[in-house]
Amino acid sequence: QVQLVESGGGLVQPGGSLRLSCAAWRIIVAGYNMAWYRQAPGDQREWVAVVTTTGNTSYADAVKGRFTISRDSAKNTVYLQMNSLKPEDTAVYYCNAHLLGDVYWGQGTQVTISS
């Protein structure tokens, strides 16, 4: 059974940083397009960033220049480094793996930005 397990969420003051991790079981992260999504209360889930099987990265405009997605094949883990955090970054962050018709989701990790 494929599992994506997120960790690293928490409460941070505005301007702070967090690093989210997504550890994968039964899939190889380098063989999938790995993405982060987020969902704030009352909002739809939105795409944040992706690292493709070829290593290319893309970001939503709202996080460009502040967030960095990366992949560690040795640890079979994907990361989301989040800097200069803003209150509007508050959301549950979900890890996603997708390739052709296969789509997998993690359970999510809460990120709260508040003073």
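The values are calculated or read from the model by the stated rules, or taken from the named source; none is laboratory data. This structure is a prediction, so every number in the text was calculated from the model and none was measured. In this analysis, Cβ positions are derived from the backbone assuming ideal geometry, glycine residues included, and neighbour counts consider all displayed protein chains. What goes into the accessible areas is simple: the full protein's heavy atoms, side chains included, and nothing from ligands, DNA or RNA. Shrake-Rupley method; radii C 1.70, N 1.55, O 1.52, S 1.80 Å.
Screening Ala97 with (1) in a loop (DSSP other than H, G, I, E, B); (2) open to solvent by less than 20 Å² (accessible area, probe 1.4 Å) gives one miss only, at (1).
Find the residue count for the range 47-98, including only residues that are β-branched (Val, Ile, Thr) and under 16 Å from Gly9 (Cβ atoms). Can you show your working first?
Our first condition is that a residue be β-branched (Val, Ile, Thr); within the range 47-98, this holds for 48, 50-54, 57, 63, 68-69, 77-78, 90, 92.
Remaining after also requiring under 16 Å from Gly9 (Cβ atoms): 48, 63, 69, 77-78, 90, 92.
Counting residues in the range 47-98 that are β-branched (Val, Ile, Thr) and under 16 Å from Gly9 (Cβ atoms) gives 7.
All conditions in (1) closer than 22 Å to Gln1 by Cβ; (2) among the hydroxyl-bearing types (Ser, Thr, Tyr); (3) more than 12 Å from the chain's Cα centre (by Cα) hold for Ser17, with the sole exception of (1). Within the range 71-78, identify whether any single residue is within 21 Å of Gln39 (Cβ to Cβ) and assigned to a strand (DSSP E or B), and answer yes or no. Within the range 71-78, one or more residues are within 21 Å of Gln39 (Cβ to Cβ) and assigned to a strand (DSSP E or B). Residue pairs whose Cβ atoms lie under 6 Å apart, sitting 6 or more positions apart in sequence or on different chains, and linking a residue in the range 17-28 that is without any contact (Cβ under 8 Å) to a residue 60 or more places away in the chain to a partner that is open to solvent by 10 Å² or more (accessible area, probe 1.4 Å) and assigned to a loop (DSSP other than H, G, I, E, B), are Ser21/Gly8; Arg26/Val2. Report yes if Ala49 is aliphatic (A, V, I, L, M), under 21 Å from Tyr104 (Cα atoms) and either open to solvent by 30 Å² or more (accessible area, probe 1.4 Å) or in a loop (DSSP other than H, G, I, E, B) (or both), otherwise no. Against the criterion (aliphatic (A, V, I, L, M), under 21 Å from Tyr104 (Cα atoms) and either open to solvent by 30 Å² or more (accessible area, probe 1.4 Å) or in a loop (DSSP other than H, G, I, E, B) (or both)), Ala49 does not qualify.
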